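The structure appears right after this line, and notes come after that.
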C-alpha cells in the first residue's frame, strides 16, 4: 500500500466532487478514478472515503442512488446535486488561487 | 434543504435500513478489491486477505460514517435550540408563564406517579418478590371473605405441591421487660423459615432455624432494623442479650437489614413456639383457631395458574374431609401476589388521583397551545421573513417544535423540583394506606416518566399551533394586512376543551368535598374535647395461662379495677372510662353471632351478628354517650354476679323492634362447630349510637359487657381531664408504675387527634383533587382571558367602525362577553356529558370499594359517602362557579373593547 496520503479534508471533498462532475459513480469507482488520474500519487484511504461521502450527502452536495454496476451488481452510485456543482466551482476557484499563491511563494525564493 | 431533513430524520427512524445499506456499500468495495487482486494474479484466498488488510477494519470505517450521521443531527439540533432559547429570552414573560404552567402540570403528575411507581409498579425488594403470594380462603370471593388460617390449615396447605414454602405470620403485642421501662412491642410471630422464604438475610447474628420452632425450644428474638436503631442505637452487641418477655427469658439472636416489612412493620419477630397463645396445645389442635396470615413462595418454573389449581385442590379436599368446619357452599382458596395484596386498598384511590393529575396536564397542554397560537400571530412577520429567505416549511416546523420542547423540558425540570419537595408529604399520605409507602422515591423510572411526559406534552402543545397554520409569505409581508382568523377556530376549540375538562375535574372535586363535609359534620355521638386515650397491657405472665379460667378472670378483674382506682385518684381527672377499644380507633370490635332467649336462630339462615365490647361503669359518662334506657353498669356487676349487658339503639331497633330489650337475655354463639355458646347475659340498658368509623354512616350493632365480668389482657382507657396532655401523661405513667412496674402504657392521644387522624386520608385525597381542580380553574380562566383579549386586540379596528357607526359601548361590551359565554357554555355542555359518562365508568371504583378484608392495612377509601355521582347541587354549583369565573375573565378585555376610541382605532390603520 502506498504511503498514507494524508489529504486535507477539504482537498478530499474537492477531489470527490470533481470526480463526480462527469457521471454518477460508486465509492470503489471514485477511489480508482482518483488513483488513476493522479497517476497513483494519490491513494484514497477507504477509512476517509466513506465518511466523506456520507458527510457530503448530508450536506446535500451529492446524492446517492442504488443501481447496477458494470459487473451487474447492486452498488450505491453518487452524483452531484445542483448545490454540489456550485460548491465544486467555488472550491476549484479557491484551490487554484491557493495553489498559484503557493507556487508564487515557492518561485520567489 | 428538504433532503437534509430527510436524511437526518431518516438517520433517526430508518437507522436499520441505513446500516444495511452501509454494509452493502462497503462489501461491494471489498469485493472489487478482491477482484482487482485476482486479476493481478493472486489466488482468491490471498486476494481476499490482502483486500481485508488494505481495507482496514470494517467496523472502524463504519463507526466513522455513523459519527457523520449523528454529529450532523446534533449540529442542527443545537442550532435550533440556541435559536429557540434566544427567542424565548426576548420574551421572558411569555416563557415564564408557559414554564410555570407546565411545571404545575408536570409537578402534579410526577408527584402522583412517584407514588404509583413506588407502591404499585416497582417489584418487591425481596429476592424474586414476584413469586411471593398471600393465601386466602373462604366462601366465594376468598379475598373479601378471608377466614384466616389455623395452624392445622397451615399444615394442610403445605401439601400444595407447587408451593416451595408456606409460612405463617400473626401480629401480637408483648411486653419486653428487663430494661429501664417496660416496653409494649409489636411482635411478628412467624414460622422458623419465614425469612428464608421471603429471601431476607440478617444484618447481624442469624435468623430462625427449625430447631428454634420446636416445642419447648429456648425462646429467641430477631429485632427489626428500625426498632434496633431506635431502642438500641444500632449497637450490634445486642445480639446475645437476654430479656424477659411473657413468662420466660428471650435471647436476641439477630437483627434484620433495613428492608420493608410485610405485611406490616413490627418491632420484633419470634418463632411460633415462643408465642404463649400460638404454642398452646388448644390452639394447635383447634382447626378453627384462625389467627394466622399465610404467605407462600411459588416454586421457580411453576406458573401462577398451576399453583392456583393446587391450592383449589387442597381447599376441595379440606371441605370433603372436614365437612363441619367448612359449611360454605363455595369454599375456595386463592394465592394473591404479595405485591397486589399490599396495595389492594390503595390502588383505586391512586388511579383516580393519577387520572385527575392527567386531566390537569391536558388542560395545561391546551392552555399553552393557545398561548403559542396567539404568539404565532405576533411572530407572523418573523416567520414570513425567514420563509422568504429560504427556510423550508419543515425547517420552520422543526424550529417551532424545538422551541416548544425547550419550554416543555424547562417546565418539566421545574415540575420535578416541585414534586421532589412534596415527596415527604406524599410518603406520609401513602403510609396511611400501604406498608410500601416507604419505597416511594424519585428513581430512574420516575425521571424517565417525567422526561417522557414533558417531551410528549411539548410535542402536543407545540404541534397544534405549528400545524394549524400555513406559512404564507406574501400576504403576511404586505404592510397593514389584517391577519386572517385561521387560528381562531382552533383557539376556540381549545378553550371549549379546557372548560369541559375543568368542569369534569371540578365535579370530581365537588362530589368528594361534599362527602368530606358530610363526614366531618357528622355528630359521632360522643364528645372529643378534653379526652385523652391510651393503652395499658398486662404482661401475660402476671396470670399464667395455667391458672384455671374463673380464677384467672377474677384476678384480671381485680387487677384492672385497682388500676382504674389509681387513675381516678389523679387530681385533675374528672372521670375515667375503660374498655377494649374506643370509637374511631383503628381496631374495630369484631361482630359475633348471637341469639335472643326464646328467639332461637332459624336453622339454615345466617346468624344475627352483634359486636361484643367491654366497658367500665363510667365509660359512657366519660365519653358523654347518653344512656337512653335502663341503668349503667354498677360495681356489683362483677365476676361473681350474673352477666349483664348494655346494647346500643341500633341493635335495639334491629333485633328487638317493638319488644322492650331491658330484662331480656342474649348469648354469644360459637364460631366453630361443636363449640360452647357464651353465658346468658341480661340486657340492663340501652345507649345512644356512636360511629366507630367515620366512613360508615350506619352505626354497628353493639352490646357492651362490663370489664369486671369479661376482663382482657389489653385495655384502652379514656380520661376526661382538664390537665394539660403532658402533665396527664406524666401522672398516668407514674400511676401505672406504682400499680405494676411491668405495666407499659402507650399510644397516648387525645380523642380530637384520633378524630383528625381518622379524617386525614379523606381530607388529603379531597385536598389533592380539589387542588388539581383549582389549578384547572385558574389555568382555564387565564386561558379564556387570554383568548378574548387576543380576539379583542385583533378586532380593535372593527370595534372602532362599529362605534363610529353608532353602536353603544354597552353593546360592544355585551358582544365580547357573549363571545366568551358561548365558548364557556359549549364547554359546560361537553363537560356535563363527559362527567356523566366518566362517573358511570368510575362509579364502581368510587362506590363499591372491595369489602374490608382481614389485615392490618387501612380499608379502601370510599371517595363518596352519602353523595350520588349525579348530586345536583354539586353540578349546579360547579357550573355557576365556572360561569362566574369565565365572566370575570372576559370582563377585562371586554371593558377594553368598549373603551376603544373610534378615532384612534381607525387612525391606527
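Summary of computed values
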item: Distance between modelled label sites at residue B:558 and residue B:455, nm, 7 Å Cα→Cβ extension; result: 7.8 nm
item: The range B:540-741 - percent relative contact order, Cα under 8 Å, separation 6 or more; result: 33 percent
item: Residue order, fewest to most beta carbons within 10 Å, for B:528, B:870; result: B:870, B:528
item: Residues of the range B:125-167 with amide N under 17 Å of the 7 Å Cα→Cβ point at residue B:340; result: B:129-138, B:140-146
item: Within the protein assembly as shown, helix-based [θ] at 222 nm, where runs of 4 or more DSSP H residues each add -39,500 (n - 2.57), nearest 500; result: -17500 deg cm²/dmol
item: Rough spin-label spacing in nm, given labels placed 7 Å along Cα→Cβ, for residue B:829 and residue B:601; result: 5.9 nm
item: Label-point gap, in nm, between residue B:445 and residue B:753 - each point 7 angstrom along Cα→Cβ; result: 3.5 nm
item: Packing-based order for B:612-618, B:420-426, using average beta carbon neighbours within 10 Å, highest first; result: B:612-618, B:420-426
item: Ascending count of other beta-carbon atoms within 10 Å, so fewest first, for B:396, B:805, A:49; result: B:805, B:396, A:49
item: Max mean-square fluctuation residue, GNM over chain A, Cα-Cα springs under 10 Å, options A:22, A:47, A:84; result: A:47
item: Percentage relative contact order, the range B:113-267, counting C-alpha pairs under 8 Å, at least six apart; result: 20 percent
item: Nearest-0.05 FRET efficiency for residue B:385 and residue B:421, computed from C-beta distance (R0 35 Å); result: 0.20
item: Rounded to 10°, Cα long-axis angle of helix B:2-13 versus longest principal axis of chain B; result: 20 degrees
item: Beta bridges by DSSP in the protein assembly as shown, antiparallel share as percent, to the nearest 5; result: 80 percent
item: Ranked by how many other beta carbons lie within 10 Å on average, peptides B:195-208, B:497-510, B:707-720, B:363-376 from highest; result: B:497-510, B:363-376, B:707-720, B:195-208
item: Per-residue mean of C-beta atoms belonging to partner chains within 10 Å, peptide A:54-66; result: 4
item: FRET efficiency for residue B:641 and residue B:549, using Cβ-Cβ distance with R0 set to 25 Å, rounded to 0.05; result: 0.90
item: Paramagnetic reach from residue A:36 (point 7 Å along Cα→Cβ, amide N under 19 Å) across the range B:16-58; result: B:28-41
item: Gain on full stretching of the segment that runs from residue B:91 to residue B:527 - 0.36 nm per residue minus C-alpha separation; result: 151.0 nm
item: Chain B, relative contact order in percent, only Cα pairs under 8 angstrom and at least six apart counted; result: 16 percent
item: Other protein chain Cβ atoms within 10 Å, averaged over every residue that makes up A:26-35; result: 3
item: Shielding by other protein chains, A:75-84, mean Cβ within 10 Å; result: 2
item: Over the protein assembly as shown: Rg over Rh, Cα atoms, Kirkwood Rh; result: 1.12
item: Sites residue B:659 and residue B:571, calculated FRET efficiency, Cβ-Cβ separation with R0 51 Å, nearest 0.05; result: 0.65
item: Ranked by how many other beta carbons lie within 10 Å on average, peptides B:736-749, B:82-95 from highest; result: B:736-749, B:82-95
item: Residues B:414, A:17, sorted so that the one with the fewest Cβ neighbours within 10 Å comes first; result: B:414, A:17
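Here, each number is a calculation from the coordinates, and none is a lab measurement. Since this is a predicted model, take the numbers as computed values, not measurements. Counting neighbours? That spans all protein chains shown, and the Cβs are built from the backbone with ideal geometry, glycine included.
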